[in-house]
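Where a number appears in this text, it was derived from the coordinates with a stated rule and is not lab data. Computed from a prediction, not measured in an experiment: that's the story for all the values here. Backbone-built Cβ (ideal geometry, glycine too); neighbour counts: all protein chains shown.
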Amino acid sequence: MQKENPALPAGGGGVSLFGVRLAHRHYALALLTFVYVVNYLDRQILSILLQPIKEEFGVSDTALGFLSGITFAVFYATLGIPIAMLADRFSRKKIIAVSLTLFSVMTVACGMVVQFWQLVLARIGVGIGEAGTSPPSHSIIADLYPPEKRATALAIFSAGLNVGIMIGFFGGGLVNELYGWRVAFLCAGLPGLFLAFAVLVTLKEPQRGHSEGLAASSDAPRFFEVARTLWQQRSFRHIAFGAAMNAFAGYGAVTFTPAFLYRSHGLSTAEIGTALALIYGVAGGAGTFLAGYFADRFSRGGVQWNMYVPAIAILAVVPFGFVFYLHPNMIVALCAAVLPSMAGAVYLGPCLSMTQGLVPLRMRATAAAVLLFVINIIGLGLGPQTVGLVSDLLNPSLGQDSLRWALLIAGVGNIWSALHFYLASRTLKADLAKVRNTVHRA
C-alpha cells in the first residue's frame, strides 16, 4: 500500500521538501486550526442560545437535545466517511474549502428561521458541511508532522475546539443580550466564508507520506478494507469507545451547562458566556494542548503513554465535577469547573495521533472519519439527547434542578472512558508494530 521513498528523508527533515517548507508547515497547521475554531464556533454557539430558543419556540429539553445532538450528529458523522474517502483520493484542501463554505452559509440560515423545524433543517445543513473539514485536516497534519511530534500538532489543532467554544460562549452570550439570538448566528457564520477563500488560495498540500519518508500507492482502499483494518486492532476499538464515552459526557455538559447556570444559579447569557469562555476556552484549550504535549514527551518511554495521559487526567478530575453540579455557591461551582474543563478534550490529540499511525497512508482520512463517526454518534448524538431526556424525566420531582442531576448522571461516561484508554494501552505497541511491518513488506 505504501513504500519507502528515497527522495523523502525519514521524519520529514530538511528546510524544503516537495515545496513544503518549515514555515509553511506551521502556517498550514495554524490555518487548519482556524478552520477548526470556526467549525466549533458554528457548532457550539447553539449551546449558549438554547435558553432563548426554548423560550421563543416553547419546546422541551428533549427537543433541545434532539436539535443539538442527534439532528447534527447523524449527518455529521455519517457523511464524514464518504467525504473522507474522497479526501484519500482527491484534493484535501478543496474539500475543506467547499465544506467550510457550506456550514458557514447554513449557520447564517439558522438566524433566519421562523419555526423550530426550520432551525432543525438548518442545523442538519451545518452538520453536513462540517463533516468535510476534520478528516482531511487530520490527514494533512499527519503528512506534515512526523510521528514523534504528531500528537502535539494534533493537540494544537484540537485546541481550536476550545477556542471556538470560547468565542461562541462569550460572543454568542454578549450578542444575544444586545441584539438577540438570530444576530448571534449571523455573526458566527460570516467569518467562515473568508476563511474558505484563504484555504483555497494559500494552503499547499503536502505529498502523502511526507513526514515519514513514505510514498503512497496510487489507489486508495475501499471503505470496508479500512474498517476491517481498524476493527482487527484491539487498541483502536478501545481508543474509539474511550473517546466516544468521554465525548458523551463532554458534549452533554457543553450543550446544557449554559442552561444549567441560567436555571440553577440565575446568571444572564452574557454572564454565562463570559464565565464559560474562560473555563472552556482558556482552561480547556490549555488542557487539550498539554495532553498532546505530554503524550509525545512521555511516549518516548513507551507508546502506551499516549493512552495513560488521557486516562489519568480524566479520572483525576471526576470529583470536581460533583462539586460543580452540586455546590449551591456559584463561585465555588465555577472554580470547581476549571479542572474538568481542562480534561474535557484531553483524548483528542493522543487518539487522533494513534489512529493516524494505525493505518497505511491512503487510509488516514478515512480512518479519522471512522473514529469521528464513533465519537459523534455516541458522544454528540446521544450525549445531549440523554441529558435533555433525563432532565425532562426528573423535572416533575426536581423542577429547575432536574438539569443539574441529568448532567451529573451523564458524567459517569468519563469513568467508562478511562477504562477503555487503559485497555487500549495494553495492545497499542503491538498494533503499531504490525502496521509498520506491513509497510516495509509492501
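Things worth noting here:
- Label zone at residue 183 (point 7 Å along Cα-to-Cβ), backbone N below 17 Å, the range 225-269: 269
- The ranking of 416, 117 by Cβ neighbour count inside 10 Å, starting from the fewest, reads 117, 416.
- Gained length - residue 114 relative to residue 286, 0.36 nm times residue gap less alpha-carbon distance: 58.0 nm
- Using the Cβ-Cβ distance between residue 197 and residue 90 with R0 set to 22 Å, the FRET efficiency works out to roughly 0.70.
- Acute angle (nearest 10 degrees) that the helix 305-326 long axis makes with the longest principal axis of the chain, alpha-carbon atoms: 0
- Taking the C-alpha atoms only, the angle from helix 71-87 to the longest principal axis of the chain is near 10 degrees.
- Taken one residue at a time, the phi angles of the range 422-435 give Karplus couplings (6.51, -1.76, 1.60, θ = phi - 60°) of 5, 5, 5, 4, 6, 10, 4, 4, 5, 5, 5, 5, 4, 5 Hz. Gly and Pro are set to x.
- For the range 18-86, chymotrypsin sites (Phe, Trp or Tyr not before Pro) are listed when DSSP marks them as loop and at most 15 other Cβ atoms sit within 10 Å of their Cβ; the list is 18.
- For residue 304, the amide hydrogen comes within under 5 Å of no other amide hydrogen, counting only partners 5 or more places away or on other chains and with H modelled in the peptide plane.
- Peptide ranges 304-311, 400-407, 259-266, 159-166 listed from the most packed, as the mean C-beta count within 10 angstrom indicates: 159-166, 304-311, 400-407, 259-266
- Fewest-first ranking of 241, 224, 248, 194, using other Cβ atoms within 10 Å as the exposure measure: 224, 194, 241, 248
- On Cα atoms only, tilt of 234-265 relative to the major axis of the chain in degrees: 30
- The relative contact order of the chain, computed from alpha carbon pairs under 8 Å that lie at least 6 residues apart in sequence, is 28 percent.
- Ellipticity estimate at 222 nm from DSSP helix runs (n ≥ 4, -39,500 (n - 2.57)) divided over the chain, nearest 500: -25000 deg cm²/dmol
- Lysines whose Cα lies under 21 Å from that of residue 93, excluding same-chain neighbours fewer than 8 positions away: 204
- Spatial separation of Cα centroids for the range 313-371 and the range 147-209, in angstrom: 19
- Partners of residue 429 within straight-line reach, counting lysines whose Cα lies under 28 Å from its Cα and excluding those fewer than 8 residues away in the same chain: 3, 149.
- C-alpha center-to-center spacing [the range 373-405, the range 231-273] in angstrom: 10
- Neighbour-count order for 48, 140, fewest beta carbons within 10 angstrom listed first: 140, 48
- Diffusion of the chain by Stokes-Einstein, at 4 °C in a medium of 1.567 mPa s and with Rh set to the Kirkwood radius over alpha-carbon pairs, works out to 60 µm²/s.
- Tensor-based shape of the range 132-177 (alpha-carbon gyration tensor, a/c under 1.5 rounded, otherwise prolate or oblate): prolate
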